[in-house]
Amino acid sequence: MELFITICFSLFFCIISYFYKRVFQMRNQCCYMLAYECYKASGDRKLDTEACVRVVMRNKNLGLDQYRFLLQTMVNSGLGEETYGPRNVLAGREETPTLEDAHLEMDEIMFDTLDKLFAKTGVSPSEIDILVVDVSLFSPAPSLTARIVNRYKMRDNIKAFSLSGMGCSASMVAVDLVQHLFKTHKNAFAIVVSTETIGPHWYCGKEKSMMLSNCLFRSGGCSVLLTNKRSLKRQALMKLSHSVRTNMGANDEAYGCCMQIEDEQGYQGFLLTRSLTKAAAKAFTLNLKVLVPKILPISELLRFAIVSLCKSKRKSSTPESARAGLNLKTGIEHFCIHPGGRAVIDGLGMSLGLSEYDLEPSRMALHRFGNTSAGGLWYVLGYMEAKKRLKKGDRILMISLGAGFMCNNCVWEVTKDLEDSNVWEDSLDRYPVSRENLVNPFAEKYSWINDECLNFVRID
């Protein structure tokens, strides 16, 4: 009898210990965003229509066919007149970039945003426990994290990580990494720096599939301060609710749709193939299969299951049945879509059944700042905050797609009403721009390039 009581007591103690451990772990799995700072370059780095034309005309490898392609691409790009370019390109040295150019581009973005982040929050660099820097195309030695540690004289036991090669979705990878590190590092501060080096990787060849990156990518970046300190819960802007990562690297077509290569002339650039949209759609679908059950209410999941069952029995393909998909708005108030290009925004908006109001932040971020790669999502978030859209309790779905091919999404819950004007302060009164006015001046100024008479003229 005593043995039985001992066994029961031991079993009971193990169960209590297990549940206590699980509850304790859950309490330390929180991830709060305390602040974020986006980078805005100086006015002398704006790539307006005339500056872009000067860059194009310097490329002696281009002919009439390439000029027409670039005109069509720029007209349909969704970029405005105030995006920012790298210094070496504006100075006419895109074919001969130096290591110093790359470091200067990174230093301006990283140190400007970090200086402002530390000043805004009052957090000292010596208090930072985790540092993650994600830059896809530049991985020097010493690393960029070491460069930051040296600049701010951070602690010798800081956990530093440099992520490369992950493209536009790298920022969400970095946030997910921090969330996992928070499980074993209690009461910690973490910083994520997301940016890209554009100048040293400007494409100077004539392959159309590689010229796209010059038309879309611009200089920008962001630094984000995260913590799992519950004592700072009231100071936080948001709390990370869910994070899901999908990697399609095992699929050869998806792996090769977005890749850094050299063309036949030896010019290095970024290749974007036609299979990119297919890979993005598949990766996004796989990601949503995991994410949706976590964010939507049971009622919406049941409704979708019933509608899908009825549709499969009828085998109908009417427009009404096609639109009877999941309504993500039952679990999400705001959609922060990576401003990768107008086609990306249009495609995701259509597949998710989003309105122009939902897509406005991404369109405006693309128009004002261009595709700033991993930092792009934070400009979209900044627009939402500057327009005072974000209220306490709102949920934000961040959607990012990147090389690999990857789809990395996360959901944030707003913890207080937000209204900081941030990098949008000087241009907020000019936005939103109507969709009709999103067309840049390229069409008006250079539409003559499509004149058929030029087919018989040699352009020097």
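The residues of region 275-287 that are open to solvent by 30 Å² or more (accessible area, probe 1.4 Å) and either in contact (Cβ under 8 Å) with a residue 24 or more places away in the chain or under 20 Å from S136 (Cβ atoms) (or both), listed by number, are L276, T277, K278, A281, K282, L286. Of everything listed in (1) touching a residue at least 60 places away in the same chain (Cβ under 8 Å); (2) more than 14 Å from F217 (Cα to Cα); (3) crowded, with 24+ Cβ neighbours inside 10 Å; (4) touching a helix residue (DSSP H, G or I) at 6+ places or on another chain (Cβ under 6 Å), the single unmet condition for V411 is (3).
Filter region 62-76 for residues that are in a loop (DSSP other than H, G, I, E, B) and modelled with pLDDT under 90; which is least open to solvent (accessible area, probe 1.4 Å)?
Result: G63.
Residues that are more than 21 Å from N214 (Cβ to Cβ) and in a helix (DSSP H, G or I) were ranked within region 329-345; the one that is most open to solvent (accessible area, probe 1.4 Å) is K329.
The residues in region 81-101 that are surrounded by 12 or more Cβ atoms within 10 Å (Cβ to Cβ) and either part of a strand (DSSP E or B) or in contact with a helix residue (DSSP H, G or I) (Cβ under 7 Å, 6 or more places away or on another chain) (or both) can be counted, and the count is 13.
Scanning region 409-434 for residues that are at pLDDT below 95 and farther than 18 Å from K387 by Cα yields a count of 0.
Scanning region 346-368 for residues that are part of a loop (DSSP other than H, G, I, E, B) and open to solvent by less than 30 Å² (accessible area, probe 1.4 Å) returns a single hit, L354. Only residues that are more than 21 Å from L131 (Cα to Cα) and basic (K, R): list them for region 203-250, please. If the condition is that a residue be more than 21 Å from L131 (Cα to Cα) and basic (K, R), then K206, K208, R218, R234 are the ones that fit.
Just one of the listed residues (S164, S171) is touching a helix residue (DSSP H, G or I) at 6+ places or on another chain (Cβ under 9 Å), under 19 Å from M259 (Cα atoms), open to solvent by 50 Å² or more (accessible area, probe 1.4 Å) and not charged (D, E, K, R), and it is S164. Taking the criterion of being in a loop (DSSP other than H, G, I, E, B) and over 22 Å from E37 (Cα atoms), the residues of region 156-186 that qualify are D156, N157, G165, K183, T184, H185, K186. Of all residues in region 123-137, those being open to solvent by 10 Å² or more (accessible area, probe 1.4 Å) and closer than 24 Å to A102 by Cβ number 3.
Per-residue answers, yes or no, for (1) open to solvent by 40 Å² or more (accessible area, probe 1.4 Å); (2) under 18 Å from M398 (Cα atoms); (3) not basic (K, R):
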site	(1), (2), (3)
K183	yes, no, no
N187	yes, no, yes
V192	no, yes, yes
K208	yes, no, no
L226	no, yes, yes
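The values are calculated or read from the model by the stated rules, or taken from the named source; none is laboratory data. Bear in mind the structure is a predicted one, so any value in this text is a computation, not a measurement. Don't worry about glycine lacking a Cβ; one is built from the backbone with ideal geometry, like all the others, and counts go over all protein chains shown. Calculation scope for accessible area: heavy atoms of the full protein, side chains included, ligands and nucleic acids excluded. Shrake-Rupley method; radii C 1.70, N 1.55, O 1.52, S 1.80 Å.
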